[in-house]
Amino acid sequence: MIFDIKQEDGKVIVEVEILHQRRHHPIVTRQRFQTKDVLKELESRGIKHGKVIQTANVKNWREHTRRGTWIFEEKSIKPLDKPAKKVILEVEKEKTIAKKPKAKIKSTRKKKVE
């Protein structure tokens with residue numbers, strides 16, 4: 001089995017190729033390689049990864065299905081933000097407006113005298 005791992009552009013690319021099944025000398029039995037097997041292999045090699053972007057299902061009983069490529073996001077350690085400073089909010093008091101009495105308006109018309 002060929003298990004090739006590349007890390008580029010923030011992705012972990014895993015290419016797997018298994019031997020073709022043979023019933024003649026040397027005998028190669030049927031095998032299947034799935035995503036869970038790739039995850040176990042990455043874990044055993046100590047490679048950190050994120051979500052799966054592309055998967056494959058590799059079987060060795062046909063020529064075109066015995067190769068596959070898995071692509072994972074590369075797990076990056078993000079620096080933590082600094083904790084925010086505690087802020088105390090002051091409650092504003094409601095401003096009361098004093099009601100002013102209305103000024104009396106004097107009439108500008110002259111009264112008629114009879």
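What is the gain in length, in nm to one decimal, between K85 and K99 on full extension, counting 0.36 nm per residue of separation less the C-alpha to C-alpha distance?
Computed gain between K85 and K99 is 0.8 nm.
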Accessible area (Å², 1.4 Å probe, nearest 10) - D9: 140
Tensor-based shape of segment 5-114 (alpha-carbon gyration tensor, a/c under 1.5 rounded, otherwise prolate or oblate): prolate
I97 accessible area, assembled protein chains, probe 1.4 Å, Å²: 150
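Suppose only helical runs count, i.e. DSSP H with n ≥ 4. What mean residue ellipticity at 222 nm does that imply for the chain under -39500 (n - 2.57) per run, divided by all residues and rounded to the nearest 500 deg cm²/dmol? Walk me through the numbers on the way to the answer.
On the way: 1 runs with 11 residues, N = 114.
Computed ellipticity for the chain at 222 nm equals -3000 deg cm²/dmol.
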Under the Karplus curve 6.51 cos²θ - 1.76 cosθ + 1.60, θ = phi - 60°, whole-Hz ³J(HN,Hα) for segment 86-102, x wherever Gly or Pro sits: 6, 10, 9, 8, 8, 8, 6, 7, 6, 8, 9, 9, 6, 7, 8, x, 5
Among I88, I13, I71: highest mean-square fluctuation, GNM of the chain, C-alpha pairs under 10 Å: I88
Nitroxide proxy distance, nm - points 7 Å out along Cα→Cβ at K36 and K6: 2.9
Shape metrics for segment 1-69, restricted to C-alpha atoms - Rg then Dmax, Å: 13.3, 43
Approximate spin-label separation E92-L19, in nm, with each point projected 7 Å along Cα-to-Cβ: 8.0
Heavy-atom accessible area order for L89, L42, largest first, 1.4 Å probe: L89, L42
GNM top mover of R23, R66, R32 - the chain, alpha-carbon springs below 10 Å: R23
Probe 1.4 Å - accessible area at I47, Å² to nearest ten: 40
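The values are calculated or read from the model by the stated rules, or taken from the named source; none is laboratory data. All figures in this text were calculated on a predicted structure; none of them were measured in a lab. Positions of Cβ are backbone-derived with ideal geometry, glycine not excepted, and every protein chain shown enters the neighbour counts. For accessibility, only protein heavy atoms count, side chains too; no ligands or nucleic acids. Shrake-Rupley method; radii C 1.70, N 1.55, O 1.52, S 1.80 Å.
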